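The values are calculated or read from the model by the stated rules, or taken from the named source; none is laboratory data. All values reported here derive from a predicted model rather than from experimental measurement. Positions of Cβ are backbone-derived with ideal geometry, glycine not excepted, and every protein chain shown enters the neighbour counts.
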Amino acid sequence: MNSINTNKTDNYKECTGRIASVQRNSYIVRYEGKDIPAKLKGCFYEAGSESFPIVGDYVIFEMNPCGDSMIKSVCERKTLLQRPDQAKTAVMQYMVANADYVFIVTSLNDDYSYNRIARYASIAIQGGAVPVAILTKSDLCSNVGRYIREVESISDKIRVHAISAIYGIGLDELQDYFTPGTTICLMGSSGAGKSTLINSIAGEEIMKTSAIREDDSKGRHTTTYRQLIELKNGVYVIDTPGMREIGMAETQDGIDETFSDIAELEKCCRFSNCRHDTEPGCAIKAAIESGELSEERYILYKSLGAENTRNYALKKEISKWSKARKKFNDKNDLY
Ligand SMILES: Nc1nc2c(ncn2[C@@H]2O[C@H](COP(=O)(O)OP(=O)(O)O)[C@@H](O)[C@H]2O)c(=O)[nH]1
Ligand SMILES: [Mg+2]
């Protein structure tokens with residue numbers, strides 16, 4: 001009797017692990033090099049879906065060696081990456097927690113988009129992470145320097161590296177990011193070369209690349225859902241499914257920080273409510289005229305901000321209507 005109790009206490013001990021993947025209400029917790037299946041404690045459902053753990057979260061869980069372990073609480077997040085959901089209701093979708101760096105992976109071909117890099121950077125900065133643009137497939141591009149300069153011109157907050165994972169070019173520059181305990185979140189379109197990059201850095205094929213046929217052999221990872229992968233040297237990589245579009249909502253601070261020089265310039269206009277149109281003493285117009293500020297970049301800053309504001313207004317509108325509907329249903333006893 002005694003020994004059974006002791007075992008139970010040992011087996012059902014509380015541990016701190018990290019969420020490696022989430023599929024509906026099933027979680028995989030990474031703990032001491034193992035993947036532990038787990039479910040949420042009832043209190044999460046009472047608190048609502050916003051309280052649910054996400055990939056990258058550190059969680060306290062009760063270990064059950066014979067079945068699903070029980071996640072009891074989520075530790076405070078150091079960083080949080082979020083975006084509006086794709087249904088365009090401006091409801092925020094929590095993507096990844098505790099990433100130190102966001103690798104914005106873009107290949108140097110048709111995939112390259114100045115606009116998209118600025119969006120990802122704003123989201124990374126908003127969430128407290130460092131944006132790092134990784135321009136891949138440099139072997140296919142004859143004009144790498146031009147792209148590097150263009151990305152550098154978006155913001156002094158974005159670090160930029162051009163690489164060719166296949167030829168091993170530029171990988172040395174990335175070693176500083178891959179230090180034990182660091183978490184790197186990969187974002188970018190499908191086919192941009194995220195998995196190939198990680199395989200090259202790790203020196204083994206731990207992630208499946210799109211050129212390889214599916215065989216689901218052990219140790220390889222597909223990218224249909226977000227997942228945390230622990231490299232041998234204790235670096236965590238969070239792979240996300242390819243995203244071509246990323247909307248702006250609740251990201252104004254991130255946008256302002258990404259384009260902090262423009263936000264500063266705006267403060268120098270003669271009128272505090274200057275629309276940078278026909279007003280005299282406009283610092284923005286003067287900077288564009290003198291060449292100090294690129295007009296394209298200024299338009300990008302404004303359009304990201306406008307999209308953010310539109311989504312905010314949309315969210316408020318939806319919330320107003322859902323409250324009104326609830327009130328109507330309550331009044332008419334429609335439940
Ligand atoms: N030429 C060239 N092709 C690459 C490079 N990196 C990746 N690729 C190819 O791009 C395709 C997609 O790569 P993958 O890593 O699966 O992209 P992911 O979807 O972002 O993970 C594969 O066919 C890779 O072989 C590179 O540096 N140079
Ligand atoms: Mg991949």
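Would you be able to say whether some residue in segment 240-254 is crowded, with 19+ Cβ neighbours inside 10 Å, under 16 Å from SER195 (Cα atoms) and within 16 Å of ligand 1 (Cβ to nearest atom)?
yes
Does segment 74-87 contain any residue that is under 17 Å from the mean Cα position of the chain (by Cα), modelled with pLDDT under 95 and closer than 21 Å to VAL237 by Cα?
yes
Which strands (runs of 3 or more DSSP E) sit wholly inside segment 97-210 and have at least 3 residues that are more than 10 Å from ligand 1 (Cβ to nearest atom) and within 14 Å of the chain's Cα centre (by Cα)?
Per the criteria, 101-107, 130-136, 183-188.
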